[in-house]
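See structure below.
The values are calculated or read from the model by the stated rules, or taken from the named source; none is laboratory data. Quick caveat, the model's predicted, so the values are computed rather than measured. Reconstructed Cβ throughout: ideal geometry from the backbone, glycine too, with neighbour counts over all protein chains shown. Side chains are part of the model used for accessible areas, which takes the heavy atoms of the whole protein and leaves out ligands, DNA and RNA. Shrake-Rupley method; radii C 1.70, N 1.55, O 1.52, S 1.80 Å.
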Amino acid sequence: MTSQPGRDLDRTVLAASPNLWAGLGSAWTQLLAQTAETSAFLSSEYIQEWLVDRDEASALLWKNGAGDPVGAAILCEKQMFVGPFPIRTLVLNSPADTSLGTEHNDVLVLPAYRLAVLEDLAQLIASRRPHKFALNGSRQRLVSKLSEFAPSWAWDGYSSESPFVGLDALRESGMSHLDVLSSNTRSQVRRSLRLYEKTFGAARMEKATSLAIAEDWFDEMLLLHDARWTDLEGGSGFSPAARELNRKLMQRSWRLPTAHGLQIDLIKVSFGDEVVGILENMVCRGHVQFYQGGLRYHEDKKLKPGLVSHALAIQHYLESGASEYDFLGGEPEPVRYKRSLSTDSRTLYWGGFSLPGARMRALNGLRRARRMGRRQLEALRS
């Protein structure tokens, strides 16, 4: 189906199909090359892998008058019940079941066509009349612009910091990573390094050099990760589906390496024979995005495996020419260690727009009443 959103812009809807990537892949990869997109979650490898055998995903492809692709997006549809109400939701660029993460989420579009494509996207969503349009891990500019094009939509969600280290700027300054941190953070990292070396032996930071090593370290990381999260309330958000996807992406990055494609790095930090941290980083065009990790904790709280592992990894990427080290977001509240080690931050958004209608007005009213009730109860208890 093709419509005419603008004088020099055509939109094609690729119907939901388990083989969606076959019709979308070429255009998506071409747009990635033209836009210099750096989000690992928008890379061809990541998108293609999670699309496998999913029949709830359709795609939008915008072309200019010459027939060249200028924009693309994926929509997944889900229906769930909130109390007695069935709610139909369209989700942008991520699976409908939310078992897999997405960050730095956006429509893939050439800059000259961005406003026209986003305006048409808002019109298309409105015409499909879902109850909600979900934008998980989305960039601020996307949420803001859709709010302008669809002022009647009501945003419901939260913002999250995505702290990062600007390695290019740091490299130009001639300073090390530790040099630009606060005196308190710098002192904690250096003190912890000395204590680790005194207790266990010399520091060693390694990057997996083969698929076999990467797979072994990935399994070891999961053991460390799970050992930590079993002791914490809420448990790990690293779902079985996400683990399987990351394993496949790791295998793919070794078997089908590309100059500008997604690469999965496994970093191991040890002192003597003691492994204190294993980090999984997704690297896209020199932008390192920390995805998951496993850390070994000790009774001595002066031993800080997270600070030390990331500090050594950041210095490695600084020396090897990477452009950025991104801690990513997702947490409603700022995370101290991410802030402490970063030099800058962006804002990402989790949630979605409720479209006008009696059902969503009723649900939003119930949510407001519950929040007010909780606040009143907390006031009575205090």
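For the stretch 56-95, filtering for residues that are of a type in the set (Lys, Arg) and open to solvent by less than 10 Å² (accessible area, probe 1.4 Å) leaves 0. The listed residues are VAL275, VAL288, and the only one of them that is open to solvent by 10 Å² or more (accessible area, probe 1.4 Å), at pLDDT 95 or above, of a type outside the set (D, E, K, R) and closer than 19 Å to ALA214 by Cβ turns out to be VAL275. Residue-level check: of (1) closer than 30 Å to ALA259 by Cα; (2) touching a residue at least 40 places away in the same chain (Cβ under 8 Å), GLU56 misses just (1). Name the pairs whose Cβ atoms lie under 8 Å apart, with the first residue in the stretch 299-328 and of a type in the set (Phe, Trp, Tyr), the second in a loop (DSSP other than H, G, I, E, B) and open to solvent by 10 Å² or more (accessible area, probe 1.4 Å), and 6 or more positions between them or separate chains? Cβ pairs passing all conditions: PHE327/VAL335; PHE327/SER342. Tell me which residues, restricted to the stretch 282-327, are small (Gly, Ala, Ser) and part of a helix (DSSP H, G or I). Selection gives GLY306, SER309, ALA311, ALA313, SER320. Quick check on TYR113: is it of a type in the set (Phe, Trp, Tyr), under 20 Å from ILE74 (Cβ atoms) and not in a strand (DSSP E or B)? Answer is yes for this residue.
The single condition from (1) part of a strand (DSSP E or B); (2) at pLDDT 95 or above that LEU24 fails is (1). Looking across the stretch 314-341 at every residue that is of a type in the set (Gly, Ala, Ser) and crowded, with 21+ Cβ neighbours inside 10 Å, the one that is nearest to the chain's Cα centre (by Cα) is identified as GLY329.
A Cβ distance below 9 Å, combined with a sequence gap of six or more or placement on separate chains, defines the contacts here; from the stretch 164-179, residues that are assigned to a helix (DSSP H, G or I) reach residues that are among the charged types (D, E, K, R) and open to solvent by 70 Å² or more (accessible area, probe 1.4 Å) in the pairs ALA169/ASP344; LEU170/ASP179; ARG171/GLU319; SER173/ASP179; LEU178/ARG190. Which members of the stretch 96-113 meet the condition of being open to solvent by less than 40 Å² (accessible area, probe 1.4 Å) and either free of Cβ contacts under 8 Å to residues at least 60 places away in the same chain or of a type in the set (Asp, Glu) (or both)? Those that are open to solvent by less than 40 Å² (accessible area, probe 1.4 Å) and either free of Cβ contacts under 8 Å to residues at least 60 places away in the same chain or of a type in the set (Asp, Glu) (or both): ALA96, GLU103, ASP106, VAL107.
Residues being more than 19 Å from LYS304 (Cβ to Cβ) and assigned to a loop (DSSP other than H, G, I, E, B): count how many of those fall in the stretch 233-280. Count: 14.
Note on the stretch 329-351: residues that are touching a residue at least 24 places away in the same chain (Cβ under 8 Å) and either among the acidic types (Asp, Glu) or on the phi > 0 side of the Ramachandran plot (or both) total 4.
Residues satisfying the criterion are present in the stretch 181-203 (criterion: in a helix (DSSP H, G or I), without any contact (Cβ under 8 Å) to a residue 60 or more places away in the chain, within 22 Å of ASP326 (Cβ to Cβ) and open to solvent by 20 Å² or more (accessible area, probe 1.4 Å)). What number of residues within the stretch 124-149 are open to solvent by 10 Å² or more (accessible area, probe 1.4 Å), small (Gly, Ala, Ser) and either over 27 Å from THR38 (Cβ atoms) or in contact with a His (Cβ under 9 Å, 6 or more places away or on another chain) (or both)? Of the residues in that region, 2 qualify. Contact map, the stretch 258-270: residues that are under 18 Å from MET205 (Cα atoms) paired with residues that are β-branched (Val, Ile, Thr) and open to solvent by less than 10 Å² (accessible area, probe 1.4 Å), Cβ distance under 6 Å, separation 6+ or inter-chain. Pairs shown: LYS268/ILE278; VAL269/VAL276.
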